[in-house]
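Novice: The structure under discussion is supplied below as structure tokens; questions concerning it will follow.
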Amino acid sequence: MRLALGEARAAGDEGEVPVGCVIVRDGQVIGRGHNRTEALCDPTAHAEMVAISAAATTIGNWRLTGATVYCTVEPCLMCTGALVLARPDRVVCGAADPKFGCLGSVYDVAADNRFNHRFEVRTGVLTGESAELLQGFFRARRNRDDVNVSKSGTAVLAAEER
Ligand SMILES: [Zn+2]
């Protein structure tokens with residue numbers, strides 16, 4: 001998760017919402033990524049999607065069997081869908097996302113046994129650091145843009161901007 005937080009910081013440094021993802025298998029990092037939706041002008045360029053593609057390329061197999069996926073923020077519907085397709089063993093998440101999160105917040109993809117693949121989920125890992133990155137990013141953006149943004153919560157702000 002520390003490496004995923006590093007990816008999140010890289011996203012923030014690039015002016016992207018600071019979300020990162022790292023995928024590990026057999027003790028090796030096989031994929032990593034951070035949010036690049038602005039740079040690529042692509043709503044699908046979430047950290048998890050970038051990392052999943054990178055991991056599949058690294059191992060030469062789209063099935064990420066045996067892998068653990070570390071996400072600094074609870075993944076959205078698109079990314080949890082991609083995770084079901086990629087078939088990792090475990091997904092570990094940082095901050096919850098009450099607006100878009102689909103591993104327990106808006107919906108719980110992992111608990112829906114109608115899907116053909118289920119993975120173990122662990123939430124609440126290094127949540128404080130993940131949330132602080134998001135808070136800092138949106139605080140800076142509010143100050144810069146002088147926009148009246150909702151103060152109802154970091155994750156909500158993150159969700160609005162993702
Ligand atoms: Zn996503």
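Novice: Which residues in the range 63-101 have a backbone N closer than 19 Å to a point placed 7 Å from the Cα of ARG2 along the Cα-to-Cβ line?
Specialist: Counting backbone N atoms under 19 Å from the label point, the list is 68-73, 92-95.
Novice: For GLY20, what charge total do you get from the other residues with a beta carbon under 12 Å from its beta carbon, if Lys and Arg give +1 and Asp and Glu give -1?
Specialist: Here the charged neighbours net out to -2.
Novice: To continue, here is another question. Specify the residue with the greatest mean-square fluctuation among ALA56, ALA86, ALA131, computed from a Gaussian network of the chain linking alpha-carbon atoms under 10 Å apart.
Specialist: ALA56
Novice: Moving on to the next point. Taking the Cβ of each residue in VAL84, VAL24, VAL19 as the centre, tally the other Cβ atoms inside 10 Å and list the residues starting with the fewest.
Specialist: Starting with the residue having the fewest Cβ neighbours, the order is VAL84, VAL24, VAL19.
Novice: Using only Cα atoms, find the angle between the long axis of helix 2-13 and the longest principal axis of the chain, and express it within 0 to 90 degrees, rounded to the nearest 10.
Specialist: 40
Novice: Using label points projected 7 Å from each Cα along Cα→Cβ, tell me how many nm separate CYS41 and GLU14, to one decimal.
Specialist: According to this spin-label approximation, the distance is 1.6 nm.
Novice: Still on this structure: Pairing the Cα long axis of helix 127-145 with the longest principal axis of the chain, what angle in degrees results, from 0 to 90 and rounded to the nearest 10?
Specialist: Helix 127-145 sits roughly 40 degrees off the main axis of the chain.
Novice: Would you mind counting up the charge near GLU120? Only other residues with Cβ under 9 Å from its Cβ, with Lys and Arg at +1 and Asp and Glu at -1.
Specialist: With Lys, Arg at +1 and Asp, Glu at -1, the net is +2.
Novice: Normalized C-alpha radius of gyration of the chain, against 2.2 N^0.38 Å?
Specialist: Scaled against compact globular proteins, the figure is 0.98.
Novice: May I pose another question? Which value in nm describes the separation of the simple spin-label points at ASP145 and HIS117, placed 7 Å from the Cα toward the beta carbon?
Specialist: 3.5
None of the figures in this text is laboratory data; all of them are computed from the coordinates on show. Please read these numbers as outputs of a predicted model, since none were measured by experiment. In this analysis, Cβ positions are derived from the backbone assuming ideal geometry, glycine residues included, and neighbour counts consider all displayed protein chains.
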